[in-house]
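To keep things clear, I will list the structure first and then write my remarks on it.
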Amino acid sequence: MNSLAGLRVVVTGATGNVGTSVVRALSEEPEVSTVLGLARRCPQTSAPGVEWDTVDLARPGSQGVLEARLVNADAVIHLAWRFQPTHDPVITWQTNVIGSMRVFDAVAKAGVPALVHASSVGAYSPGPKQEPGVDEDWPTHGWPDAAYCREKAYLERVLDTFELR
C-alpha cells in the first residue's frame, strides 16, 4: 500500500462493460482510496475517489502517458480491449496486443506490485467434446480463425514471459 489512506488502483478500459462495474465496485471499497480510470474517452459520470484520464493504447506515444499514470499505483487492472472493427484485425491487434504489451511494460517500469489482466476462455484451445471442461493447464492456443482468440492466446504467451521477468 502506497499511502496510509488506502490503495491506489488504475483500471484500463474503465468505460467498457466490465470496466464500469469494476470502477464502481472499487470506489465503494474502504481499502481503496483512489481509482484512476483510463479509457480512450472520458465518461460524463463521476464517483467519489475516482479520477479519469484518456489514453489510446494503440498509439505509440501512449507508453509515456501510461508510465506517468502508473507511478505510485498499488495495482493495475487491465481490461482495455477493442472488439471492432472485426473485419480489420490489424486495428484490433494494435490496441489489444501491442497496447496490452505497453501496459505490461509500463507496469514493470513503474514498479506496480500487482497486475490483473482479463484473460478469456477464448484463449484456450478447443477441448474434448465428450468432457465437461478443461483446467488451467489446458493449452492456450486459441482458435486461429478468430482474431479475438488469436489475440488473447498471444497475450497468454506474453504474460508467461512477463511473469518470468
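The values are calculated or read from the model by the stated rules, or taken from the named source; none is laboratory data. Note that the coordinates shown come from a computational prediction; the quantities given were computed from them, not determined experimentally. So basically every Cβ, Gly included, is an ideal-geometry build from the backbone, and we count neighbours across all protein chains shown. Side chains included, ligands, DNA and RNA excluded: accessible areas come from the protein's heavy atoms. Shrake-Rupley method; radii C 1.70, N 1.55, O 1.52, S 1.80 Å.
Annotation: amide H of L36 within the under-5 Å range of V9, V10, V11, E51, sequence separation 5 or more or interchain, hydrogens built in the peptide plane.
Dividing the C-alpha radius of gyration of the range 1-125 by 2.2 N^0.38 Å, with N its residue count, gives 1.03.
Here is the P(r) of the range 74-146: all C-alpha pair distances, binned every 5 Å from 0, give 3, 13, 18, 19, 17, 15, 10, 3, 1, 0 in whole percents. How big is the antiparallel share of DSSP beta bridges in the range 1-109, given as a percent to the nearest 5? Given both bridge residues lie in the range 1-109, the antiparallel proportion sits at roughly 5 percent. Which percent of the accessible area of the chain is formed by carbon and sulfur heavy atoms (probe 1.4 angstrom)? Here carbon and sulfur together make up 56 percent of the probe-accessible area. Projecting the Cα atoms of G111, P128, Q84 onto the charge dipole of the chain (Cβ charges, centred on the Cα centre) puts Q84 farthest toward the positive pole.
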